[in-house]
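In what follows, a structure is listed as structure tokens, so that the remarks can point back to it.
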Amino acid sequence: RRGPRGDGQRRPSHRDSRSPRAPVPVAPRPPEIHGWDLRFKPDPRGVDGVAKHIRAGAKAYRLFDIAWLVLEKAERYRVDLRRTAEGATALFQLRLDGSIWLSEREAAAHALAKYLEKFYRKDRVATYPPKGVYPFVAVCGMSGVILGPPNYHDYQAKLRKIHGERFPNIPFDVYKSRVRIDRDEASIQRWKEEQSSKDEFYPLEESGESPLAKLASSGEVERHFLAHHASKCISRINERALVPGAVALGECTPAVSLLVGRAIEEFRRFPLPLAHTLGQQLKSKGLHIFKAHQNVTYVSVAQPRYLDRKAMPVADGVNAILEYLERHASTPRADQWKELLARRSAPAGATEADRESALAADLLWLLREGHVIDFARRGLEVATQSRPVVNRPPERSRHRPKKKPGDDKVAAA
């Protein structure tokens, strides 16, 4: 092992010859939104579909399972934003799709990126190629689009346009940090050819300008939109806003999408508020909510009702179903059906299909009346709710109670 150098200096290492690594850009966190409460509302069309499915199958589903099913896809719910504080973060909503933004200008950029053709006609016209020497061009590191030299007059506008059209959910600083420099001559030449034509915009609805007023750049289009269309398309949220789930997750400002994502994770663990709202909506569709199996909430086509066969005699086939299910409640549903079918008596000449049809008709009547519940995760069970309680007379004590002082006097009186 070599000792230290005589001059007291450390020997150079092969590691020292390497150039230091460039710092990896860290994505800045989106600004936090304060003073707003977030809840999920089931989409009405999805609630209609769930209600039809429950009525058709006559099964009982756990309410929490339905709530988790709603949260699986953004198309099944809407986000309900409500202001809870005076100093809440300012939010703006674009009426065209319900998206939420932190400023009117941010909402306008999204509107122009997605709905430009609703407000402006775009024409591509030939122009002179750019003059001067450009040794390199900037390229979008995410899409490969050539943005042009950073000192070119249209660079910033094109940078923001690509960000707004393709990557609106990525913070602008993060998107900008991924722009790379390309010195390839072919890329520079391709950019010059692209600059040999340009877009011109014409408002579809004139607002006092001269006919066919031309807007020569995207910057002019943005200013025109803010002046003539923003007040009709963008509104500041004062108290409450409803946002489609898919829009809330994918087409809003990153701060809102982050807030919705956190809420989804929280509700997946315990979806009580969503389940409560869902239960109210399903009840309005004619379904019934009840508790069973250690206070678990279910929704079904009927409220469980105990059938007192002594007070109300039933047919032999129905009675056989109830007798079997009372003794085999924990048996899997498929085995229950096989056994019920095997025990089913049928008139002479009846086919297997006839026996199945008669059994299904009796069972469906029991399900729709609530005398039998078909639990989706368990199987068929006889309803025990509302079963009459038998009151037994109290047993007489073998020992006579001790007399209290004065009892004889009271009896004599």
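Return yes or no: is R223 closer than 30 Å to G35 by Cβ, open to solvent by 10 Å² or more (accessible area, probe 1.4 Å) and basic (K, R)? Can you show your working first?
Working: closer than 30 Å to G35 by Cβ: no; open to solvent by 10 Å² or more (accessible area, probe 1.4 Å): yes; basic (K, R): yes.
Spelling it out, it is not the case that R223 is closer than 30 Å to G35 by Cβ, open to solvent by 10 Å² or more (accessible area, probe 1.4 Å) and basic (K, R).
Return the pair list, or none, for Cβ contacts closer than 9 Å from residues in segment 345-368 that are in contact (Cβ under 8 Å) with a residue 60 or more places away in the chain to residues that are of a type in the set (S, T, Y), at least 6 apart or on different chains.
Listed pairs, sorted by first residue: L367/S300.
I need the full set of residues from segment 334-361 which are surrounded by 14 or more Cβ atoms within 10 Å (Cβ to Cβ) and either among the polar types (S, T, N, Q) or closer than 26 Å to T297 by Cα (or both), in order please.
Q336, W337
Could you tell me which numbered condition A157 fails, if it satisfies all but one of (1) out of contact with any strand residue (DSSP E or B) (no Cβ under 9 Å at 6 or more places or on another chain); (2) open to solvent by 50 Å² or more (accessible area, probe 1.4 Å); (3) farther than 30 Å from W36 by Cβ?
Status for A157: all satisfied but (2).
Check whether at least one residue in segment 233-243 is in contact with a Gly (Cβ under 6 Å, 6 or more places away or on another chain) and outside any helix (DSSP H, G or I), and report yes or no.
yes
Which strands (runs of 3 or more DSSP E) does segment 58-145 wholly contain that include 2 or more residues that are under 30 Å from I181 (Cα atoms)?
On the way: elements: 77-83, 92-94, 120-126, 137-139.
Here the list reads 120-126, 137-139.
Hey, can you tell me all the residues within segment 299-348 that are under 30 Å from H276 (Cβ atoms), assigned to a helix (DSSP H, G or I) and among the polar types (S, T, N, Q)?
none
Report, by residue number, each residue of segment 277-298 that is surrounded by 14 or more Cβ atoms within 10 Å (Cβ to Cβ) and part of a helix (DSSP H, G or I).
T277, L278, G279, Q281, L282
Counting just the residues of segment 60-76 that are modelled with pLDDT under 95 and of a type outside the set (A, V, I, L, M, F, W, C), which one comes out surrounded by the most Cβ atoms within 10 Å (Cβ to Cβ)?
R76
The values are calculated or read from the model by the stated rules, or taken from the named source; none is laboratory data. Since the structure is predicted, the reported quantities are computational estimates derived from the model, not experimental observations. All Cβ positions, glycine included, derive from the backbone under ideal geometry; neighbour counts span all protein chains shown. Note: accessible area is taken over every heavy atom of the protein model, side chains too, but ligands, DNA and RNA are not part of it. Shrake-Rupley method; radii C 1.70, N 1.55, O 1.52, S 1.80 Å.
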